[in-house]
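To keep things clear, I will list the structure first and then write my remarks on it.
Please treat every number below as a calculation from the coordinates, not as lab data. All figures in this text were calculated on a predicted structure; none of them were measured in a lab. Note: ideal-geometry Cβ built from the backbone for every residue, glycine included; neighbour counts use all protein chains shown.
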Amino acid sequence: MKLSTKGRYGVAAMYDLAIHYGQGPISLKSVAQRQDISEHYLEQLMGILRKAGYIKSIRGAQGGYSLTKEPSLISVGDIIRVMEGPIAPVDCLLDDSCGDSNYCDKAGMCVTRGVWAKVRDSINNVLDSISLADLCREEQAKRS
């Protein structure tokens with residue numbers, strides 16, 4: 001499983017907003033510059049994050065973007081799932097029907113499906129265990 005730039009840049013942008021949490025709206029341009037992301041592409045990503053309810057936008061000269069929740073309440077997993085969709089190393093895990101898969105006729109009796117489910121669950125557990133606040137603390141520890 002490989003994350004696209006959509007997921008990676010989404011996390012980077014959210015991390016940038018978390019670093020500046022409580023400082024008012026942060027301009028798209030400043031986030032794009034700090035994270036080395038195209039402004040145009042970042043604008044598209046911010047639209048996805050806004051629709052998901054993780055950020056809000058403020059118009060005007062002093063406008064920009066800010067988080068709608070404290071950084072400790074937003075996990076990397078939340079962001080990745082919004083940007084990338086469900087985390088599944090194989091297509092048959094995209095169905096919640098416990099073995100009744102539209103992707104594979106053998107899903108109900110597949111021996112390896114359990115392995116892939118454990119991989120998915122492990123990835124989700126790791127991503128969900130890391131909050132934006134954790135990333136901010138990590139960065140501060142590196143600077144010290």
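Per the helix-only calculation at 222 nm, which mean residue ellipticity applies to the chain, given -39500 (n - 2.57) for every DSSP H run of n ≥ 4 and division by its residues, nearest 500 deg cm²/dmol?
Dividing the helical sum by the residues of the chain leaves -16000 deg cm²/dmol.
Determine the dipole magnitude for segment 5-143: charges of +1 sit on the beta-carbon of Lys and Arg, -1 on that of Asp and Glu, nothing else is charged, the reference point is the Cα centre, and the result goes in debye to the nearest 20.
Its charge dipole is roughly 420 debye.
Mind pulling the angle between the C-alpha long axis of helix 5-19 and the longest principal axis of the chain? Nearest 10 degrees, somewhere in 0 to 90.
40 degrees
Toward the positive end of the charge dipole of the chain, about the Cα centre and with charges on Cβ (Lys, Arg +1; Asp, Glu -1), which of Met14, Gly60, Val82 goes farthest?
It is Gly60.
Among His20, His40, what is the fewest-to-most ranking by other Cβ atoms within 10 Å?
Lowest to highest Cβ neighbour count: His40, His20.
Considering the options Pro71, Leu135, Gln23, tell which one lies farthest towards the positive end of the dipole of the chain, charges being +1 on Lys and Arg and -1 on Asp and Glu at the Cβ, about the Cα centre.
Result: Gln23.
In whole Å, what three semi-axes, largest first, describe the equivalent ellipsoid of segment 5-143 built from its Cα gyration tensor (square root of 5 times each eigenvalue)?
Result for segment 5-143: semi-axes of 34, 16, 12 Å.
Would you mind calculating the relative contact order of the chain from Cα pairs under 8 angstrom and at least 6 residues apart, reporting the percent as a whole number?
Reported relative contact order: 26 percent.
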